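This report refers to the structure that appears directly beneath it.
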Amino acid sequence: MKTDISNKDFFGIAERPATIGLSVLIALKIILLFALAYRSRFVMDEFGQLGYAKYLGNGLFDTVQPAKAVGFTIFCKLANLIGWDAASIMIVGRFQMALLACATIAMIYACAHALGQDRPRALAIVLILLCFSNVMERIFRTISEPLALFFAVEALLVVISGNSASARRIVFAGILSGLAFLTTQKSIYFNVALGMGLLVNAFIARQYGAGIKRGAALVLGWIVPIAAYCVVFGGADPLPIVRGLIFGPVEVASRGGVEYGGLRRFVLQTLVHNAILYAFCFGGIVLGLLRIGALEERQRIALTFTAVITALVFVHDQPWPYVFIMALPFMALWSLGVLDRNAADALPMRFARALLVIAGAISYISNVLYLRIDNPAQLALIARAEAMVEPAEFYFDGIGMLPNRPEPSTLWLDQYYILKTLHEGSESEAYKILSNTPPKVIIWSYRMDMIDPVIAPLIRDSYVQIAPNIRMAGRRLRSGRPDVFKVPVPGRYNLYTTNGQPADGKVEINGTPRSLPLSLEAGVSDVVLRSGPAEALLLPEGDYENLIVAGEDNAELFRGVYN
């Protein structure tokens with residue numbers, strides 16, 4: 001978009017000082033981004049989506065719920081290979097996403113240049129983007145949307161970089177759009193938006209034949225990675241992979257977010273938290289649409305793309321806070337349009353500048369305050385649980401908190417499956433997991449609390465709480481008191497004190513004195529602690545020093561993550 005503001009004067013500052021100042025402010029934002037990536041509390045989805053990488057090449061299409069493309073899983077496999085334990089895998093994954101975010105931000109800068117912005121204005125657009133709370137708090141998370149966004153921005157950049165959107169460029173953009181789709185099928189939004197950009201531009205330019213050809217080239221490029229993906233993962237029988245790509249997302253989309261209720265509040269939340277920034281972005285988009293016929297081809301394509309993706313994201317029926325990052329980078333491209341509108345009028349211009357400065361200052365303060373919603377308690381929990389589960393042993397939590405330990409099933413306990421579990425009772429997958437393939441360790445969270453009415457009979461006499469949010473196969477024994485132990489996991493068991501030290505004592509199993517350690521088969525046993533400490537834990541044989549601690553479950557583990 002042509003600008004009325006001199007390239008030598010931005011915000012009343014000469015080009016070089018403005019460039020330096022904006023670069024410094026962006027650098028501070030990048031530092032904060034990595035600090036947030038390292039410190040911010042994990043959302044449950046991050047554990048699940050990053051943890052799927054451990055199943056790559058091992059029945060992934062049969063186990064991940066719902067069936068979906070695994071492009072993001074392939075990307076995050078690197079974190080599993082670099083990380084040396086569960087906590088480090090999560091942090092490496094976060095830094096991997098933060099680096100990806102930097103690449104996406106760099107491409108937004110390039111898009112701004114391609115749309116006619118000079119260096120200070122392109123930097124200002126990047127800074128405005130980084131002032132959105134959703135971007136700073138979500139774009140580093142180990143979920144699929146940031147990777148899909150990377151491919152979508154790259155696809156748009158390819159289309160608008162040249163003087164004309166040639167067929168070769170559009171095919172390449174289609175390939176990138178296909179890669180975005182293989183990351184998350186929600187990327188169909190990007191695909192539709194780019195297609196609409198090409199078609200609207202052709203319609204305005206009255207190049208109907210060229211529009212059809214460009215649309216065909218985009219679809220051709222899109223099909224190439226999809227077809228390759230299905231052949232690579234499906235081999236001689238790619239149809240199951242095709243069905244997973246189509247019907248997995250359809251299952252989720254058809255359910256919508258009705259189980260949660262009130263998800264539209266996140267739309268209001270992001271609008272309130274970023275009101276000034278949204279005003280500039282929406283204002284710039286509207287002003288651009290009012291004169292779309294006068295814009296250059298690249299600007300028409302980019303503006304239509306932005307308008308379509310923004311509309312699709314904001315009407316999405318599951319508007320979790322991270323979904324907005326799919327639109328915000330493109331919206332930011334038009335955020336300076338309001339300044340152009342008021343360039344000739346000093347008072348409105350000064351007012352607009354002051355508003356942007358205020359919004360920017362608030363964003364830095366908000367980023368620092370968000371660090372209070374931190375993750376040390378989460379990382380300590382997974383480190384403790386990991387130490388109790390050998391690489392070949394099972395654990396379960398319904399959210400995949402240990403990315404390097406196997407689970408009996410990748411059952412994902414979102415609200416839909418929680419309600420499904422409560423409805424199906426003993427026929428539910430959760431009940432069958434704990435009865436047919438019981439894990440050694442269960443990591444407890446509020447989601448496990450919600451299905452407790454169903455699984456309680458399988459937990460009560462089979463697992464013992466040995467630390468906050470951790471249950472292990474075993475039984476708490478008190479001297480002389482008979483206890484029923486429904487052994488969930490067969491193997492060698494030993495006696496431990498309540499702080500994890502091996503305990504000297506004698507136990508009686510089904511009326512027969514047994515020496516320790518002892519082998520137990522799955523089934524019901526009557527256990528009596530005949531000598532030793534007044535209270536002891538009968539647990540699978542292992543080293544639990546510094547692992548067993550008293551305390552109630554931490555209810556704060558996932559609190560505030562969507563605020």
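The values are calculated or read from the model by the stated rules, or taken from the named source; none is laboratory data. Source: prediction; values computed, not measured. Ideal geometry is used to build each Cβ from the backbone, glycine not excepted, and the neighbour counts take in all protein chains shown. We work out accessible area using only protein heavy atoms, side chains counted, and drop any ligands, DNA or RNA first. Shrake-Rupley method; radii C 1.70, N 1.55, O 1.52, S 1.80 Å.
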Cα→Cβ-extended label distance, 7 Å offset, between MET450 and SER515, nm: 5.0
First measure r as the distance between the Cβ atoms of VAL524 and ILE246, then evaluate 1/(1 + (r/R0)^6) with R0 = 60 Å and state the FRET efficiency to the nearest 0.05. 0.80
For region 86-126, what is the convex hull volume of its Cα atoms per residue in Å³? 48
Can you tell me which of 99-110, 353-364 comes out highest on packing, and rank the rest after it, using the mean Cβ neighbours within 10 Å? 99-110, 353-364
In Å, what Rg and Dmax follow from the Cα atoms of the chain? 27.7, 95
Among 41-52, 325-336, what's the highest-first ranking by average C-beta atoms within 10 angstrom per residue? 325-336, 41-52
Any chance you could list the semi-axes, whole Å, largest first, of the equivalent ellipsoid that the Cα gyration tensor gives for region 408-563, using √(5λ)? 30, 19, 12
Per 0.36 nm of contour for each residue apart, how much would the distance between VAL231 and ALA14 grow if the chain were fully extended, relative to their Cα-Cα spacing? 72.6 nm
So what is the relative contact order for the chain, in percent, with contacts set as C-alpha pairs under 8 Å and at least six apart? 15
Report the equivalent ellipsoid semi-axes for region 264-398 in whole Å, largest first, defined as the square roots of five times the eigenvalues of the gyration tensor built from alpha carbon atoms. 41, 21, 12
Binned at 5 Å from zero, the C-alpha pair distances of region 152-309 give percents of 2, 9, 14, 17, 16, 14, 13, 10, 4, 1, 0
Apply 1/(1 + (r/R0)^6) to the Cβ-Cβ distance of ILE74 and ALA167, taking R0 = 25 Å, and write down the FRET efficiency to the nearest 0.05. 0.30
Using only DSSP helix segments of four residues or longer, with each worth -39500 (n - 2.57), what per-residue ellipticity at 222 nm results for the chain after dividing by its residue count and rounding to 500? -18000 deg cm²/dmol
Could you tell me, in Å, what Rg and Dmax come out for the Cα atoms of region 84-159? 13.9, 47
Full-stretch length increase - LEU347, ILE82 - with 0.36 nm per residue and alpha-carbon distance subtracted: 89.9 nm
LEU290 versus ALA216: modelled label distance in nm, points set 7 Å from Cα along the beta carbon direction: 4.0
Looking at region 437-483, what % of the alpha carbon pairs are farther apart than 12 Å? 65
Excluding near-sequence neighbours (fewer than 8 apart on one chain), the chain holds lysine pairs with C-alpha atoms under 24 Å apart numbering 17
Per residue, how large is the accessible surface of region 447-514? Use a 1.4 angstrom probe and give square angstrom. 43
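Rounded to the nearest percent, how much of the accessible area of the chain (1.4 Å probe, protein heavy atoms only) is carbon and sulfur?
Values: 14240 of 23050 Å².
Carbon with sulfur: 62 percent of the solvent-accessible area.
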Suppose all protein chains stay in the model; what accessible area per residue would a 1.4 Å probe give for region 125-202, in Å²? 24
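Per 0.36 nm of contour for each residue apart, how much would the distance between ALA279 and HIS423 grow if the chain were fully extended, relative to their Cα-Cα spacing?
Values: separation 144, 0.36 × 144 = 51.84 nm, distance 4.50 nm.
So the extension gain works out to 47.3 nm.
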Nearest-0.05 FRET efficiency for LEU28 and ALA110, computed from C-beta distance (R0 30 Å): 0.90
